[in-house]
Amino acid sequence: MKIVIVAQENDNHTAPLKWALEQAGYSVACWAGLGWSTERQASIAFSEETQLTLGVHGLQPGDVVWVRRPEQTRHNPKVAESDRKFAEAEYRWFNHSILYLLDVLPIRCINKYSASRFISNKSVQLLLARSCGMNVPHTLMSNSPSKVRSYLQQNPDRMICKAFFPHIWQKKSSSTVAVTETFEISQEMLPADEVLTYAPAIYQEMVVKQFDVRMVLLGTTVYSFALHNPKGAIDWRQDVSQGLVQVESIETPADVEKGVLAFAGKSGISYGSFDFAVDGDGQWWFLEVNEGGQFLWLDAFNCNLHVQEKFLAFLTSPEGSSRQTIEERRLLFPSWKDYLDSPAKDQQVPEESVADPAFVSIES
């Protein structure tokens with residue numbers, strides 16, 4: 001069995017996990033995604049058997065592919081300007097042909113590309129979560145000023161506003177950055193109607209919470225971790241980056257676990273990072289799921305969690321393996337702390353600093 005990680009080899013999760021897998025004796029290959037350079041080329045051959053080659057790595061039945069974080073497709077920069085749109089479209093459609101093909105080959109794909117694209121939609125997430133019995137805050141997604149104003153007027157309780165996707169603005173020639181962050185909002189804070197049309201947003205009933213929960217779904221097993229933020233911030237992500245959050249393992253309520261596993265069954269995902277808020281009455285409220293969410297930071301905050309080893313046990317186990325199997329097999333793999341103490345950490349090449357226009361705006 002070969003494990004192929006679809007991401008840059010120096011990605012902040014790929015590098016430590018590849019090292020840990022190799023320490024445990026597994027063959028691991030990385031493919032950053034479709035591009036014109038040799039290492040990013042791909043081929044699909046249809047004969048008696050369908051053969052997919054990613055870079056120099058040919059997939060075989062029984063292999064495992066983790067679609068971690070594919071890079072944007074890159075066509076040859078020497079293509080004529082008049083042919084650029086054609087080349088971009090051909091690369092885009094070939095890329096879809098590759099990633100959707102992974103769903104139907106005799107391999108194990110985490111997550112199936114069709115499921116990951118489906119569940120990345122916030123509206124689908126909220127609808128499925130509610131249909132699976134989870135608590136979901138009242139929500140409006142809109143770019144209509146009249147709908148936004150009416151919604152806040154009809155909901156006098158505390159409300160928040162958040163973006164559909166994280167975004168970073170970085171100032172040129174400076175380390176100064178600004179990031180999207182969830183914030184509390186009221187009718188009085190709303191800007192002019194035209195401003196409300198500049199970008200759609202999510203307006204949601206605020207959960208007055210005791211603490212947040214990051215849950216990691218691994219097949220049919222879930223692990224939950226309480227995030228205690230001394231500042232009591234609405235959005236804990238920035239405080240995590242500053243090391244201000246305390247992380248501890250907690251039990252998942254049976255009804256929440258049942259809802260999450262039903263959600264996974266309906267959406268088709270086998271791995272994901274779920275975010276919940278726990279209110280003063282102990283009720284868990286579903287906020288969102290990231291099917292490719294980060295998890296190694298949990299080990300960085302609490303080395304007793306062993307999330308790295310649990311994920312690798314899941315990745316290398318047969319589909320549908322139990323919690324017991326994961327707990328037994330995690331002992332086969334080195335930990336996040338082992339990686340930090342190893343020479344491999346010092347040899348890791350920093351990730352490319354190319355600004356992805358989908359995530360970064362450069363301020364003049």
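Checked against (1) part of a strand (DSSP E or B); (2) closer than 24 Å to Tyr271 by Cβ; (3) among the hydrophobic types (A, V, I, L, M, F, W, C), Val104 passes all but condition (1). In this structure, Lys162 does satisfy being over 20 Å from Gly272 (Cα atoms) and either in contact (Cβ under 8 Å) with a residue 40 or more places away in the chain or crowded, with 17+ Cβ neighbours inside 10 Å (or both).
Which members of region 323-364 meet the condition of being assigned to a loop (DSSP other than H, G, I, E, B), at pLDDT below 95 and over 28 Å from Val177 (Cα atoms)? Within region 323-364, just Ser342 meets the criteria. Here Val104, Val65 are screened, and the one residue that is under 17 Å from Ala32 (Cβ atoms), among the β-branched types (Val, Ile, Thr) and touching a strand residue (DSSP E or B) at 6+ places or on another chain (Cβ under 9 Å) is Val65. Filtering region 121-140 to residues that are part of a strand (DSSP E or B) and either more than 24 Å from Trp284 (Cβ to Cβ) or touching a Lys or Arg at 6+ places or on another chain (Cβ under 7 Å) (or both) leaves only Leu140.
The residue of region 50-93 that is surrounded by the fewest Cβ atoms within 10 Å (Cβ to Cβ), among those that are among the basic types (Lys, Arg) and over 26 Å from the mean Cα position of the chain (by Cα), is Lys78. A count restricted to region 165-205 and to residues that are small (Gly, Ala, Ser) and either in contact with a Cys (Cβ under 9 Å, 6 or more places away or on another chain) or surrounded by 13 or more Cβ atoms within 10 Å (Cβ to Cβ) (or both) stands at 1. Taking the stated definitions as given, is Asp157 more than 30 Å from Leu54 (Cα to Cα) and in a loop (DSSP other than H, G, I, E, B)? Taking the combined requirement at face value, the residue satisfies it. Checking Ser47, Ser43, Ser27 one by one, the residue that is surrounded by fewer than 21 Cβ atoms within 10 Å (Cβ to Cβ) and in contact (Cβ under 8 Å) with a residue 24 or more places away in the chain is Ser27 and no other. Only a single criterion out of (1) of a type in the set (A, V, I, L, M, F, W, C); (2) at pLDDT 85 or above; (3) in a loop (DSSP other than H, G, I, E, B) is not satisfied by Val148, namely (3).
The values are calculated or read from the model by the stated rules, or taken from the named source; none is laboratory data. Just so it is clear, the structure is predicted and the values come from calculations on it, not from any experiment. Here the Cβ is made from the backbone with ideal geometry for all residues, glycine too, and neighbour counts use every protein chain on show.
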